[in-house]
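The values are calculated or read from the model by the stated rules, or taken from the named source; none is laboratory data. Here the structure is a predicted model, which is why all the values come from computation and not from measurement. Virtual Cβ from ideal backbone geometry, glycine too; neighbours counted across all protein chains shown.
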Amino acid sequence: MARPKVLATRPLFPAAQKILDGSCDVDYWTRPESISKEELLRRVADKEGLVCLLNDKVNEELLAAAPKLRIVANVAVGYDNIAVADCTKRGVAATNTPGVLDETTADFAWTLLMAVARRLGEGEALARSGKWTGWDLDQLVGADVWGKTLGLVGFGRIGRAVARRAYGFQMKVVYHDAARVPLDVERGFHAEYRELSALLAEADFVSLHVPLLPETRGLFNAKTFSQMKPTSFLINTARGPVVDEAALVQALENKKIAGAALDVYEKEPLINPGLKRPNVVLAPHIASASLETRTKMACMAAENVVALFKGRRPPNILNPEVLKTS
Ligand SMILES: NC(=O)c1ccc[n+]([C@@H]2O[C@H](COP(=O)([O-])OP(=O)(O)OC[C@H]3O[C@@H](n4cnc5c(N)ncnc54)[C@H](O)[C@@H]3O)[C@@H](O)[C@H]2O)c1
């Protein structure tokens with residue numbers, strides 16, 4: 001029997017390739033640059049499976065160009081790049097990679113939080129510059145992390161993993177989420193629920209962990225920044241468009257907040273030049289980027305594809321209704 005044809009927009013990792021190559025004929029995009037939209041549409045035309053990254057747009061145009069497509073497997077937990085409803089209409093399964101990146105992403109939210117609080121970027125630049133003249137009493141004094149209040153916006157898998165780490169820093173943890181969790185779960189994480197405005201008024205560090213949805217796009221804007229403490233910091237490892245970047249630049253310029261640490265941006269890979277200031281730590285969307293975790297993500301995507309072609313339910317299917325009709 002013919003093996004299903006699959007397009008992978010990256011070579012993936014050897015362990016994931018082994019899974020995919022075991023049952024599919026895979027066309028890997030191996031050039032150093034990301035696949036262009038035109039090339040993606042051309043190559044996907046005869047494919048039954050697509051393994052894609054979060055910067056590949058899977059929309060009606062792509063689906064129309066790929067009439068044989070049966071599954072789109074994102075190598076990411078966030079899937080705002082995939083029009084899932086359009087996939088469902090065409091009977092195409094969509095999958096993501098939840099759970100395997102929680103701890104690694106939480107580690108990185110903390111990396112950013114501590115870097116911005118303790119002015120690591122500025123310190124590193126000074127240490128490398130040859131201009132450091134020695135220890136001084138008020139040199140690069142930052143803000144304490146321990147004992148402060150951490151505000152989590154989004155208390156799902158990653159938000160909770162971030163909360164767990166705060167205990168060791170003797171921090172108070174408050175969270176806001178569209179759905180309040182049961183009291184015993186709150187107690188387990190030493191976290192208290194707050195309305196968003198109350199959280200913003202109280203938190204010294206506000207860390208974002210919501211998906212990008214119509215309701216969360218621009219959730220952080222001029223109004224929300226004006227509700228934050230002037231000594232507080234924003235940390236964003238969620239998705240860039242959750243923050244109105246122009247409003248963030250204004251808030252930093254007008255000292256409405258003390259600083260920001262960002263992994264994600266509104267128009268990646270472009271970074272608003274107004275964010276390139278000493279009290280902002282900038283990372284190039286690497287929160288889940290440990291070799292172990294990225295390998296697990298790629299393997300999970302590969303397993304979702306193989307499951308569908310073997311007639312099994314893909315473990316991380318986002319639109320299981322397509323399975324009933326197929
Ligand atoms: N920077 C990175 O590389 C990176 C890595 C992993 C995940 N992410 C992002 O982090 C997001 C969260 O991942 P997760 O696995 O924790 O997801 P999750 O689904 O477990 O948690 C998301 C939480 O946000 C809450 N939420 C949804 N809409 C909300 C709203 N309007 N207001 C308040 N809360 C709301 C949900 O109720 C849920 O508890 C992903 O969707 C992804 O976009 C980024």
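Right, residue 121: assigned to a helix (DSSP H, G or I) and in contact with a His (Cβ under 9 Å, 6 or more places away or on another chain) or not?
Working: assigned to a helix (DSSP H, G or I): yes; in contact with a His (Cβ under 9 Å, 6 or more places away or on another chain): no.
So residue 121 fails the test.
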Pairs, first more than 20 Å from residue 205 (Cβ to Cβ) in region 260-286, second polar (S, T, N, Q) and more than 16 Å from the ligand (Cβ to nearest atom), C-beta under 9 Å, six or more apart: 266/272; 274/250
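Condition check: out of contact with any Phe, Trp or Tyr (no Cβ under 9 Å at 6 or more places or on another chain) and in a loop (DSSP other than H, G, I, E, B). Does residue 99 satisfy that?
Against the criterion (out of contact with any Phe, Trp or Tyr (no Cβ under 9 Å at 6 or more places or on another chain) and in a loop (DSSP other than H, G, I, E, B)), residue 99 qualifies.
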Whichever residue in region 48-76 is within 16 Å of the ligand (Cβ to nearest atom) and touching a Lys or Arg at 6+ places or on another chain (Cβ under 8 Å) and, among such residues, is farthest from residue 4 (Cα to Cα): 57
Test result for residue 257, more than 18 Å from residue 159 (Cα to Cα), touching a Phe, Trp or Tyr at 6+ places or on another chain (Cβ under 9 Å) and modelled with pLDDT of 95 or more: yes
Residue in region 220-230 that is under 26 Å from residue 57 (Cα atoms) and part of a loop (DSSP other than H, G, I, E, B) present: yes
Scope region 182-232; condition closer than 24 Å to residue 256 by Cα and basic (Lys, Arg); matching residues: 194, 217, 223, 229
Only listed residue being surrounded by 15 or more Cβ atoms within 10 Å (Cβ to Cβ), not in a loop (DSSP other than H, G, I, E, B) and not polar (S, T, N, Q), chosen from 126, 212: 126
Condition broken by residue 64, with the remaining ones in (1) surrounded by 21 or more Cβ atoms within 10 Å (Cβ to Cβ); (2) part of a helix (DSSP H, G or I) satisfied: (1)
Per-region count, region 86-96, residues assigned to a helix (DSSP H, G or I) and touching a residue at least 12 places away in the same chain (Cβ under 8 Å): 3
Test: residue in region 283-295 that is touching a strand residue (DSSP E or B) at 6+ places or on another chain (Cβ under 8 Å), within 16 Å of the ligand (Cβ to nearest atom) and not in a loop (DSSP other than H, G, I, E, B): no
Residue match in region 189-207 (condition: of a type in the set (A, V, I, L, M), surrounded by fewer than 17 Cβ atoms within 10 Å (Cβ to Cβ) and away from the ligand (no atom under 12 Å from the Cβ)): yes
Only listed residue being among the aliphatic types (A, V, I, L, M), surrounded by fewer than 22 Cβ atoms within 10 Å (Cβ to Cβ) and part of a helix (DSSP H, G or I), chosen from 161, 178, 166: 161
Of residues in region 1-60 being assigned to a strand (DSSP E or B) and under 21 Å from the mean Cα position of the chain (by Cα), the one farthest from residue 82 (Cα to Cα): 8
